[in-house]
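This report concerns only the one structure given below.
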Amino acid sequence: MEVWQHRTHCWILPEKHAGWVGEGWVWGYRGILSFNTCAVFPRKAATAPRVPATRLALHHFDSSYSLHLGALWPSVRAALLCEQKYGALLNSFAAADHVPQELQLLNATDFISKAPQKAQHWQQGAAVGEARGCQEGSGEGRTVMQEGMVTQAEMSPPLCTSISSKIKCYTFPRGDITRFRPARPDALGLLDYYLLDAASLLPVLALNVQPDDFVLDLCAAPGGKTLALLQTGCCGHLAANDVSVSRTKRLYRILHSYVPREVRDTVSVTSYDGRDWDPVEGGTFHKVLVDVPCTTDRHSATEEDNNIFHKRRTKERQMLPMLQLQLLMAGILAARPGGAVVYSTCSLSPLQNQCVVERALDIAEAQFSIRIHVEDLRHFRALFQDTFCFSSDCRLGELVLPQLTANFGPTYFCKLRRL
């Protein structure tokens with residue numbers, strides 16, 4: 001608190017005295033106070049100006065991501081601060097056959113439908129390259145490109161069938177910042193498409209839901225990934241859970257706006273703490289999606305509302321990796337042997353991404369005697385490199401980096417198989 005000397009008066013104080021004089025607080029001892037002995041304290045102490053949460057977030061990102069991403073960070077930072085791109089997830093339940101043609105006229109394309117064609121082309125090329133290599137002798141004379149094709153085919157044999165052709169999402173080309181119109185209802189009131197970050201569909205595609213699978217979306221709200229799971233048409237049963245009651249209400253609204261009643265009846269919406277899921281229904285699901293709460297880097301860098309970098313949420317932010325680990329462990333325990341778990345975030349942070357996965361692998365084996373296989377998802381880079389920018393430095397899983405010409409993400413995803 002600021003203090004200065006009162007130099008204009010001499011006070012006679014019979015007793016100890018303190019009180020307001022003018023605009024200041026005067027304090028003194030018994031007797032005569034000579035000059036310069038009476039301290040005056042301002043009525044209101046000056047307070048430091050509040051630092052915006054977005055500025056705190058950017059400072060944190062600058063100090064950590066500049067080390068993690070190196071020379072890529074300035075371009076990623078610029079993209080985070082610019083308007084992000086969206087994709088239009090078509091709603092197969094709506095009577096909207098005209099929508100694909102309408103979007104194509106705007107120069108938008110379905111980035112998912114191209115994947116099986118690319119995969120088939122690469123596998124055919126790999127087969128041709130392998131045959132030529134055999135004709136040349138031992139195969140040591142194969143080109144680097146042929147070597148890559150064979151490796152791609154070997155690491156992902158069911159490449160053509162691992163991407164659901166029933167999920168359709170339209171995006172504009174790189175560098176095209178055209179906005180989609182708002183969704184419109186059909187005759188029954190179901191909206192024709194859902195706007196979302198197209199990169200957020202990659203964890204759903206990685207999950208590779210098969211017919212009659214029992215699927216758990218452990219952190220389901222606000223509902224984009226839940227809706228995408230239903231678009232596969234393969235869920236025998238879908239459990240959509242989120243600990244937040246308010247966010248669960250939003251999930252209900254999404255389901256009622258996009259999904260007919262007979263399909264909604266196959267979905268159970270709950271508000272359990274996801275960390276406690278195993279005692280509720282452990283070891284029963286073929287597929288589990290664990291899209292955990294995170295620092296939501298794009299939101300934190302641009303929006304003050306509900307920003308986890310607010311000082312009052314410091315403890316919550318510091319505890320995120322622990323929460324994420326607990327949720328991933330719950331997802332692993334909820335999967336049946338042979339089942340798959342996809343872990344995802346919308347953060348660039350290695351502490352929230354690969355480090356959480358690595359720790360979960362150790363705990364699963366040490367404490368539960370569960371062996372986990374981390375699946376190779378490098379084929380996603382090749383299949384979707386025309387739409388997204390992928391990091392080349394992930395030890396586990398894949399990471400979509402925001403770039404100005406392809407401003408999707410960040411999205412991290414990693415697929416685990418319970419043995």
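Criterion first (open to solvent by 10 Å² or more (accessible area, probe 1.4 Å) and either in a strand (DSSP E or B) or closer than 30 Å to GLN120 by Cβ (or both)) does PRO337 satisfy it? Criteria met by PRO337. Looking only at the range 210-223, count every residue that is more than 21 Å from ASP278 (Cα to Cα) and open to solvent by less than 10 Å² (accessible area, probe 1.4 Å) and tell me the total. Residues meeting the conditions: 1.
Within the range 286-297, is even one residue at pLDDT below 95, outside any helix (DSSP H, G or I) and in contact with a strand residue (DSSP E or B) (Cβ under 7 Å, 6 or more places away or on another chain)?
No.
Over 25 Å from HIS237 (Cβ atoms), crowded, with 19+ Cβ neighbours inside 10 Å, touching a residue at least 24 places away in the same chain (Cβ under 8 Å) and in contact with a helix residue (DSSP H, G or I) (Cβ under 9 Å, 6 or more places away or on another chain): is that true of LEU351 in this structure? Criteria not met by LEU351. When the range 88-114 is filtered for residues that are open to solvent by less than 10 Å² (accessible area, probe 1.4 Å), farther than 16 Å from THR232 by Cβ and not in a loop (DSSP other than H, G, I, E, B), the ones remaining, listed by number, are ALA88, VAL99, LEU103. For the range 355-407, a residue qualifies if it is on the phi > 0 side of the Ramachandran plot and open to solvent by less than 40 Å² (accessible area, probe 1.4 Å), and exactly one does: GLY397.
Selection of the range 265-282 for residues being touching a helix residue (DSSP H, G or I) at 6+ places or on another chain (Cβ under 7 Å) and open to solvent by less than 50 Å² (accessible area, probe 1.4 Å) yields VAL267, VAL269, GLY274, TRP277, GLY282. Take the conditions (1) aromatic (Phe, Trp, Tyr); (2) under 30 Å from PRO52 (Cα atoms); (3) open to solvent by 10 Å² or more (accessible area, probe 1.4 Å); PHE309 misses just one of them, which is (3).
Does the range 238-262 hold any residues that are in contact with a Gly (Cβ under 9 Å, 6 or more places away or on another chain) and either open to solvent by less than 50 Å² (accessible area, probe 1.4 Å) or in a loop (DSSP other than H, G, I, E, B) (or both), and which are they? The answer is ALA240, ASN241, ASP242, VAL243, LEU251, ILE254, LEU255, SER257, TYR258. The set of residues in the range 141-173 that are modelled with pLDDT of 95 or more, out of contact with any Phe, Trp or Tyr (no Cβ under 6 Å at 6 or more places or on another chain) and either of a type in the set (S, T, N, Q) or surrounded by fewer than 17 Cβ atoms within 10 Å (Cβ to Cβ) (or both) contains only PRO173.
The values are calculated or read from the model by the stated rules, or taken from the named source; none is laboratory data. Nothing here was measured: the structure is a model prediction, and the numbers come from that model. Cβ sites come from the backbone with ideal geometry, for glycine too, and all protein chains shown count toward neighbours. Please note that ligands, DNA and RNA were not included when accessible areas were found on the heavy atoms of the full protein model with its side chains. Shrake-Rupley method; radii C 1.70, N 1.55, O 1.52, S 1.80 Å.
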